[in-house]
Every structure is written in C-alpha cells, then in structure tokens.
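Some notes on the structure that comes next.
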Amino acid sequence: MASSVYLDMDPGHDDALALLVALALMPVRGLTTVAGNQTGDKTYLNARRILFLANQLHLPVAPGYNRPLFRNLVTAAHVHGQSGLDGYEFPEISPPDRSMDAMQFLEIAFAKEQEPVVWIATGPLTNVAAFLIGHPHLHQKISQIAFMGGSLSGGNITPYAEFNTYVDPDAAAYVVGCGIPITMVGLDVTHKALLAQKDLERFRCLKPPIGEMLYRLFTFFAGHEPNAGDRGMPIHDVLAIAAIANPGVFTWEKISLHIERCDEKRRGATEIKRPGSGYPEIKVAVDIDVSGFFEWFWQSLVYYQ
Ligand code: BDR
Ligand code: CA
C-alpha cells in the first residue's frame, strides 16, 4: 500500500498488538494517543513503551485529548488494568518530548502530505472529531478513516454499546457524518476472530523482548476481557489494521448508521437505519473469514522474528 498511514490509539492490549502489526506492514507516519482504555497520560506512555521495545521511538507520537468532547472519561481498567497495559513489567524509558500535542502534530503532518492519507483509529474518536472540526481545510488530505468501534449486534460495555462509541458518542457521531469515507470494524467481526489461548505460546517465538511481552500481556488480557472464554479472546483493534491492509478477509456492507447520543441507556449504540433516510452511509464489516484473517495476522508478526 502506498498512502501514508496515521494511527490514533488508546493502548490498551489490543491497541499495542495493532500498533505492532501496523508497523510491520504499513507506511505509518505518526501516532496520536487518546484517553479511553486508560487516562491520556497512561495511553501516551504505553504507546511510547511499545515503540521503545519495537525499536521505533523515532516515530512521531503525540498526546491528544484527556477526556471525551462533552462527557467525563470512562476507562476500561477492568479489561486493561491500572496501567492500561497490565501483565508485563516495562522498563523505564526517557521522559517524553511533549513539545507538540496531537492537534498540532496532525495539522503540520497532514498539510505536508502530497497524497491523501489513511487514518486508523482504535480508541474513542475524540481526537479524530476534534481535529476534523478544527481543520475543515485538511479534510481533503484524508482519503479514508477506519475505526474499531460500534456493533450491529449488541455491546460490550453495556448491552447496547461497544466501548469506543460509548465513551465518546458525540465524537463518533461527528466522524461518521463528516463526509470522508468511513470504515467501521465493530464487535460483529471482532467477536468472531478469537485468538486461541493455546496460540499465545506462538508469541514466544518472536524475538525478545517483543515475544515475551506479547505473551504476558495477552495472558493477562485473556483473564480480563469480558468476551474471552474457552474459544479464545477478541483482539479487536488488530481488525481495524486488517481492514486497510487485508480488506479481502471481510464481508462489507454499506449501511446507514445512527449513533445514539441522547438516550443515556442506549448511549453509543450504533443502529442501522433505512437506506436513503438521511443518516450517513458508511462501510461496515459484517463478517470475516477467520482462518484467512489469522493466516494474515501470524504472517505479519514474522517481521518480529
Ligand atoms: C475496544 O475497547 C477497548 O477496550 C479495546 O482497546 C478496543 O478498542 C473494544 O470494544
Ligand atoms: Ca482500543
């Protein structure tokens, strides 16, 4: 793939894995972090931790919003632990260079791009929405936004909503309706592509410290992800990377989508509306070739052998 890729993440175990897969396969030009799985300070630190261990700290990483656009932050400490990446003892790393925040970084980076970029988001869509609202002249620099979030088949943080759209439904609704082509990868597919517990051993074949780190992180995750069980654990955010790097493993549908912002009970629910009813039409992953996906996934990690 030729287009530059930018990532927006809230690491998070599955974000960390998605980041490593993206670095292995794509021309990633920058990473911004957002509050979600944990507070903004922690997700920023976690992103730098992963880049450090992957020998990629030269990649620009900039911290973004510490809370949703209009609401208090809800974190997923019950899934990702107090650090946001519990399960592995990370080494100390040098203090970050915080001279540029996510909005400043993206403004400069997107303006410099010659061709429209692909933007992949795997946390609440706060940074993405805030950037789009503040920089309408730069929408033309973005060819596509792919996000992990939403669900057409029930939620994981409430019976109705997936975590990322629940945390910042206002941002998600803005992004989905912004006019840029949007790709949604939600629980409909992430709950089908389960990483088997026995396959965690395969991480240990990767070079140190990446292999051992992934083994320990996902051993923790297996014990905490609410939808992990005998059949394995979802690795949600990796599927947003696959949506761009290997879209053929998904079945896609054009869907008119509503994101609930007003009814607190259904907050963040992503609901199908009648075609042509005025709701934004986006591309949604509705099914996945699970074995094709895992073949691609393990192949991508050969980069770290
Ligand atoms: C999403 O919520 C987070 O906990 C994960 O990182 C993923 O982005 C799954 O609902
Ligand atoms: Ca995430």
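The values are calculated or read from the model by the stated rules, or taken from the named source; none is laboratory data. Predicted, not measured: the structure shown is a model, and the values here were computed from it. Neighbour counts run over all protein chains shown; Cβ positions are idealised from the backbone, glycine included. Heads up: the accessible areas ignore ligands, DNA and RNA and are worked out on the full protein's heavy atoms, side chains in. Shrake-Rupley method; radii C 1.70, N 1.55, O 1.52, S 1.80 Å.
Restricting to DSSP loop positions (anything but H, G, I, E, B) with no more than 15 other Cβ atoms inside 10 Å of their own Cβ, which GluC sites (Glu not before Pro) remain in region 159-221?
none
Restricting the GluC sites (Glu not before Pro) of region 37-107 to loop positions (DSSP other than H, G, I, E, B) with no more than 15 neighbouring Cβ atoms within 10 Å leaves Glu89, Glu92. Helical content alone sets the calculated 222 nm signal of the chain at -10000 deg cm²/dmol, taking -39,500 (n - 2.57) per DSSP H segment of four or more residues and averaging over every residue.
GNM remark for the chain: springs join alpha carbons under 10 Å apart, and the peak mean-square fluctuation among His135, His80, His236 falls on His135.
Residues of region 243-277 with amide nitrogen under 13 Å from the 7 Å Cα-to-Cβ point of Thr158? Within reach of a label on Thr158: 259-271.
Within the assembled protein chains, the solvent-accessible surface assigned to Leu51 is about 0 Å², based on a 1.4 Å probe. Using a cutoff of 8 angstrom between alpha carbon atoms and counting only pairs six or more residues apart, the relative contact order for the chain works out to 20 percent.
Using only the Cα atoms of region 250-297, build the gyration tensor, take square roots of its eigenvalues as a ≥ b ≥ c, and label the shape rounded, prolate or oblate: rounded if a/c is under 1.5, else prolate if a/b is larger than b/c, else oblate. Mind showing how you got there, number by number?
On the way: a/c = 4.30, a/b = 1.82, b/c = 2.36.
Oblate shape, in that a/c is at least 1.5 and b/c is the bigger or equal ratio.
In the chain, what percent of the accessible surface is made up of carbon and sulfur (1.4 Å probe, ligands and nucleic acids excluded)? Kindly include the intermediate steps, with their values, before the conclusion.
Details: 6020 of 12160 Å².
For the chain, the apolar C and S fraction of the accessible surface comes to 50 percent.
The distance between label points at Ser291 and Asp41 comes to 4.9 nm (points 7 Å beyond Cα on the Cα→Cβ vector).
Once you have a ≥ b ≥ c as the square roots of the Cα gyration tensor eigenvalues for the chain, tell me rounded if a/c is under 1.5, and otherwise prolate or oblate according to whether a/b is larger than b/c. Judged from the Cα gyration tensor, the chain comes out rounded (a/c under 1.5). Using a simple spin-label model with points 7 Å from Cα along the Cα→Cβ vector, what separation in nm is obtained for Lys192 and His135? For the pair Lys192/His135, the computed spacing is 3.4 nm.
May I ask you to give the solvent-accessible area per residue for the chain, in square angstrom, as obtained with a 1.4 angstrom probe? Walk me through the numbers on the way to the answer.
Numbers: 12160 Å² over 305 residues.
So the chain comes to 40 Å² accessible per residue, rounded to a whole number.
Sort His224, His137 by heavy-atom solvent-accessible area, probe 1.4 angstrom, most to least. Walk me through the numbers before you get to the answer.
On the way: His224 75, His137 105 Å².
Reading off the accessible areas and sorting them downward yields His137, His224.
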